[in-house]
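The values are calculated or read from the model by the stated rules, or taken from the named source; none is laboratory data. These figures come from a predicted structure and were not determined experimentally. Glycine gets a Cβ as well: all are built from the backbone with ideal geometry, and neighbour counts include every protein chain shown.
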Amino acid sequence: MKLLAKECKVMLMVDNVGVIVDSEGQPVGGSLVFSEAPETMGEIGAYVVVVRSGKLELYHKKSGNYVQRVQIVGEVGSPCVVADEEDGRGKLVVVATGSKVMCYRKVPSEEQIKDLLRKKNFREAISLVEELQNEGEMTRETLSFVHAQVGFLLLFDLRFEEAVDHFLLSETMEPSELFPFIMRDPNRWSLLVPRNRYWGLHPPPSLLEKVVDDGLTGIQRAIFLKKAGIETAVDDEFLQNPPSRADLLESAIKNMTRVLEASRHKDLAPSVCEGVDTLLMYLYRALNRVDDMERLASSDNSCVVEELESLLSESGHLRALAFLYASKGMSSKSLSIWRLLARNYSSSYLNDSHGANHLQDTINSISSDQETAVMEASKILESSSDQELVLQHLGWIADINQLLAVQVLVSEKRTDLLPPDEVIAVIDPRKVDILLRYLQWLIEDQDSGDTRFHTTYALLLSKSALDANEKEHVTQNPEVVNQKEINISDRWNNSIFDTHVRERLQFFLQSSDLYDPEEVLDLVEGSELWLEIQAILYRKLGQETLVLQILALKLEDCEAAEQYCAEIGRPDAYMQLLEMYLEPMNGKEPMFKAAVRLLHNHGEMLDPLQVLERLSPDMPLQLASETILRMLRARLHHHRQGQIVHNLSRALDIDASLARFEERSRHVLINDESVCDSCHARLGTKLFAMYPDDTIVCYKCFRRQGESTSVSGRDFKKDTLYKPGWLVTR
C-alpha cells in the first residue's frame, strides 16, 4: 500500500497490479500494470515511481501509461528505498541504496517533449501533451504547436501523409508556412512566410524536390551504415523497400494539396488566400488533375492570373485558363480561348473523318467537346452587355449550336438590351432559325412595334413554311435520299423550333397588324396549299370579295365564310356570299346546300325580295322552299314586333308627358305657420319653391341651393327620383 499524499488517495498493490482507491475505498481511475512486482514506490507530481531489480520506472497515475525507465548503475540486487516529499508538491523523489542516495527531480514538460521528438517518439510526445493539457498544465495552442512541429519532422522523414495529418490537427499553423516547399524563393508571397523555427528540431523549409532528394540520400547512407552494423534513425520500412523519387514526390504533392484545400475554408488574409489558391493550382497541374484544375478555376477563387497564365498556356491546360479568365471578369480572353478550342475540335474532325467506320464516333466526340466550349462561352455572353464582344463571338457559337446562340441574344441576365438593327445585321442570313427566334422575342417578349421587324418576321416564317413543305415532299421519295446524309445533316443542322411553322405563321398573321400584308402575299400567292393564309392577308388588305371567294369557293369552308360576314356586320356581305354560292366562277356547279345553310343561319340579315330575285331557276324548290317560307315568316314577325315596340314606346312617352304635366300642375298650401326648410324663416307672402322630394324653400335659399339640389342634399341630376304615379299605369 502506498499513500498518495497529493490527491489524498491510496494505491493498493496486488502482485504487479496497482489500484488507486479514494478515502472510502472505492477505485478511481484505471489500474497500473507494472512489468513485475515493485520493491518500493514513490510519488512525484502526476506520476508514480517504482523500483525493481535496479531499475527505476515512471508511470502516469491516471492513464497508467509507462513513461520512462532509468537504470540504477551498480545497484542490481541491493535493496532500495524511495522517498517523496511529504507536502505532495511533486518536485523531487529520493532513491536510497546500500551505498548511495540519488535525488531525481521532474524535468520541465517542454524538455520532455523535445527529448521524445528527438528520439522520434512522436506518439508518446503527443500523448504527453494531451495529458498535460487535460491536467491544465499546457494550453490548446501548445498542443497545436507540437502537432505542427511533429508534422515538419515527419515531412523531412518523407512520411508525408502522417505529416499532413498533424498539420491538419494544428489550429495555429498558417498555410503560408508551407509556401517555401512549393515555390522557390523569392516569390510574391515570400514576406508572408512566418520566421518560426519552432524548437529547431528540423531543417529550414526547402522545395519538396530537395526534401525528397535529401531524404533519399539519407536512406542510402542509412543502408550503407546498417551493412556496417551501425544503427540509424531511418525507418526499417524505407531500408527494406527504398521508395522511388517519383513515388515520393507524387505523395508529397498529393498530401500538400490536402493542406491547401483545407485552408481554403479558413478565414485568411486576402494575400494568403491568393497564395493558397495559386499554389494549389500549381500542385494540381503537377499532378495533371485536370478536373480539379477546372473546378478551382471556375469557382470563386483568389488565384493570381499573372502567376498562372504562362504555366497553364504552356502546359496546354487552356480550358482551365479560360475558366480562370472568366472567374476574374476577363471575358474577352476567356472567349478567345473557347473560340480557339472550338475551332481546334472542328479541325480535328475534318482531319480524322476520312474513315467511314469511325465517322459516327468522331462526330459524337468532337460534338461533345464543341458543345462544352460553346456552352461555356454562351454563359459568359448571356450576362455581358458589351455589344461588340457579343456580336464578335455570336457567329462561331451559332455555327455549333443555334439554340445557345439564341439564348445569348435573348438573355434576361443582360442589363442593357442589344441594338436590334446591329444584331440582325450580324446574323448569318442562312441561319434563318436564329433570326426567327430573335424576331419572335423582340415582338412577343419585348413588345416591339417596329413594322420592319413584324414584316421581316412574317416573311421569314413564310419562307420557312414553304421550305418545310417542300422538304416533306422530298423526303417522301426514299429513292433520292441518302439516309446517312440525313443523319449527319440532322446532327449539325437541326431546327431549333418545336412547333409547326405553318401554324405559327397563321397565328402571327392573324394577331399582328403591323406587318405589310402585300409583301407577304407576293411570296405565298399562287400556291393552293396556302389559301387560308392568303385569306388572312386579303382580310388585312380589306379585300372582302377575295376573302369570301377563297373561304367559300376554294376552301369551301362555309362556317369560316359566314363568320367573316358576321365580322363585317353588313347585310350586303351575306347577300354577296349568297350570290357566290348560287353563281360560282370557273364553271363550278352552284352550291345549293351552302346557300340553304346561309339562308337558314342568317336569313334575318337578308331581304326576301332580293333573295327571290337572285335565286337560280335551276335550284330545286324542295331545297329552299322551307327555308324561304321560314325567312318570310321571320320577316313578318320582325315587322309586327317592331310595330309593337313602336306603339309601346309611344305610350310610354305620352304617359310620361302626362305625369310631368300633372306634377307641374299640382297646388301647394302655404299658411302663416309655414317655414323654409332651409333657413326656417316664415314664408308669409314671400316667393318660394318646391323640390320633387316635397321640400319647400324660400326664393333666397332656392337661388343659393340651385334647382337640382334640394335641402336634403339630394342631387336630382345624379340621383333621379321616381314616383309611383309617373309609371305607366294605363
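Remarks
- Any chance LEU143 is modelled with pLDDT of 90 or more and within 23 Å of LEU280 (Cα to Cα): no
- Residue in segment 146-159 that is modelled with pLDDT of 90 or more and of a type in the set (S, T, N, Q) present: yes
- The residues listed here are PHE167, PHE179; of these, the one that is more than 13 Å from GLN149 (Cβ to Cβ) and surrounded by 15 or more Cβ atoms within 10 Å (Cβ to Cβ) is PHE179.
- Tally of residues being in contact with a Leu (Cβ under 8 Å, 6 or more places away or on another chain) and within 21 Å of GLN68 (Cα to Cα) across segment 8-52: 11
- Those residues of segment 182-197 which are surrounded by fewer than 20 Cβ atoms within 10 Å (Cβ to Cβ) and either assigned to a loop (DSSP other than H, G, I, E, B) or not assigned by TED's automatic domain parsing to the domain that holds CYS273 (or both), in sequence order: MET183, ARG184, ASP185, PRO186, ASN187, ARG188, VAL193, PRO194, ARG195, ASN196, ARG197
- One residue alone among SER127, SER109, SER99 is of a type in the set (Ser, Thr, Tyr), in contact with a helix residue (DSSP H, G or I) (Cβ under 7 Å, 6 or more places away or on another chain) and on the phi < 0 side of the Ramachandran plot, and that residue is SER109.
- Among helices (runs of 4 or more DSSP H) entirely within segment 220-326, having at least 2 residues that are under 29 Å from the mean Cα position of the chain (by Cα) singles out 245-263, 270-287, 290-298, 305-315.
- Candidate set from segment 635-688 (those that are among the hydrophobic types (A, V, I, L, M, F, W, C) and in contact with a Gly (Cβ under 9 Å, 6 or more places away or on another chain)); member that is nearest to CYS701 (Cα to Cα): ILE670
- In summary, helices (runs of 4 or more DSSP H) completely within segment 525-621 and bearing 2 or more residues that are at pLDDT 75 or above occur at 531-541, 544-548, 558-568, 571-582, 592-602.
- Of the criteria (1) outside any loop (DSSP other than H, G, I, E, B); (2) within 24 Å of ARG245 (Cβ to Cβ), which one PRO205 fails: (1)
- Checking each residue in segment 367-399 for being farther than 20 Å from SER298 by Cα, hydrophobic (A, V, I, L, M, F, W, C), buried (at least 19 other Cβ atoms within 10 Å of the Cβ) and in contact (Cβ under 8 Å) with a residue 40 or more places away in the chain picks out only TRP396.
- Which listed residue is within 33 Å of the chain's Cα centre (by Cα) and modelled with pLDDT of 90 or more, from SER495, SER448: SER448
For (1) outside the structural domain of ASP447 (by TED's automatic domain parsing); (2) within 18 Å of LEU461 (Cα to Cα); (3) touching a strand residue (DSSP E or B) at 6+ places or on another chain (Cβ under 8 Å); (4) among the hydrophobic types (A, V, I, L, M, F, W, C), each residue gets a yes or a no:
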site	(1), (2), (3), (4)
LEU505	no, yes, no, yes
GLN534	no, yes, no, no
GLY542	no, no, no, no
GLU559	no, no, no, no
CYS565	no, no, no, yes
ARG570	no, no, no, no
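- Contact annotation: no residue pair with Cβ atoms under 9 Å, 6 or more positions apart or on different chains, pairs a residue in segment 645-667 that is not assigned by TED's automatic domain parsing to the domain that holds ASP693 with a partner that is assigned to a helix (DSSP H, G or I) and among the aliphatic types (A, V, I, L, M).
- Where a residue in segment 459-482 is farther than 20 Å from GLU532 by Cα and of a type outside the set (Phe, Trp, Tyr) and its partner, wherever it lies, is assigned to a loop (DSSP other than H, G, I, E, B) and modelled with pLDDT under 60, with Cβ under 9 Å and at least six apart: VAL474/VAL481; THR475/VAL481
- The residues of segment 180-216 that are farther than 30 Å from ASP236 by Cα and either in contact (Cβ under 8 Å) with a residue 40 or more places away in the chain or in contact with a strand residue (DSSP E or B) (Cβ under 9 Å, 6 or more places away or on another chain) (or both), listed by number, are MET183, ARG188, TRP189, LEU192.
- Residue identified as in a helix (DSSP H, G or I), surrounded by fewer than 17 Cβ atoms within 10 Å (Cβ to Cβ) and not assigned by TED's automatic domain parsing to the domain that holds ASP235 among GLU161, GLU131, GLU111, GLU124: GLU111
- Whichever residue in segment 49-66 is without any contact (Cβ under 8 Å) to a residue 40 or more places away in the chain and of a type in the set (A, V, I, L, M, F, W, C) and, among such residues, is nearest to VAL82 (Cα to Cα): VAL50
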